[in-house]
Amino acid sequence: MTDKVLIQVSSTQHYPEGHNDHMEFTTVGTFHHRAGAYYIIYRDTEITGMDGVTTSLKIEPTRVSLNRMGAIDHKQIFERGIRHGSSYVTPQGSLFLEVETKEMEIHLTELEGNITLKYDLFSGDQLVSHNRLRINIKEDAPQ
């Protein structure tokens, strides 16, 4: 079953140079459970810098897979203690990125919940940033 939900995304990046970036937005998307995994799908907006991109997440008990399609093409896997790499493709070019997930908390029910990921982002062997991503799902999306 696919249900329309309210999705709140909060993202923080801490850079080695000492500065931080923070972004929050709320959008409407879909959320459903099928074959042991949860799925979240939403369209990004101008506030994320990825207007026209569709983001989907597949949440399994020990792994989160992110897939972005549109002006940006990016697939990324978050799995605690494992470094996963992938290409980040934009109209300006592509870049190979790796994430090493430090912490993963998943609290989902059939109706709502939240996911928190703490991970380090690398380009080559160079640390780009320490990151925290939190996604809250609420079943009371406007119809």
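The values are calculated or read from the model by the stated rules, or taken from the named source; none is laboratory data. Everything numeric in this text was worked out from a predicted model, so none of it was measured. Reconstructed Cβ throughout: ideal geometry from the backbone, glycine too, with neighbour counts over all protein chains shown.
Return yes or no: is Glu100 touching a residue at least 12 places away in the same chain (Cβ under 8 Å) and closer than 27 Å to Gly124 by Cβ?
Working: touching a residue at least 12 places away in the same chain (Cβ under 8 Å): yes; closer than 27 Å to Gly124 by Cβ: yes.
So Glu100 fits the description; yes.
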Pairs returned, first residue in segment 20-41 that is more than 19 Å from Gln8 (Cβ to Cβ), second residue that is polar (S, T, N, Q) and in a strand (DSSP E or B), beta-carbon separation under 8 angstrom, 6 or more apart or interchain, are Asn20/Thr12; Asn20/Gln13
The condition of being modelled with pLDDT under 95, in contact with an Asp or Glu (Cβ under 9 Å, 6 or more places away or on another chain) and aliphatic (A, V, I, L, M) holds, among Leu95, Leu121, Leu111, only for Leu111
Residue count for segment 6-43, restricted to those that are under 29 Å from Asp120 (Cβ atoms), assigned to a strand (DSSP E or B) and not small (Gly, Ala, Ser): 21
Checked segment 109-140 for anything more than 14 Å from the chain's Cα centre (by Cα), surrounded by 17 or more Cβ atoms within 10 Å (Cβ to Cβ) and under 15 Å from Val5 (Cα atoms); matches are Gly113
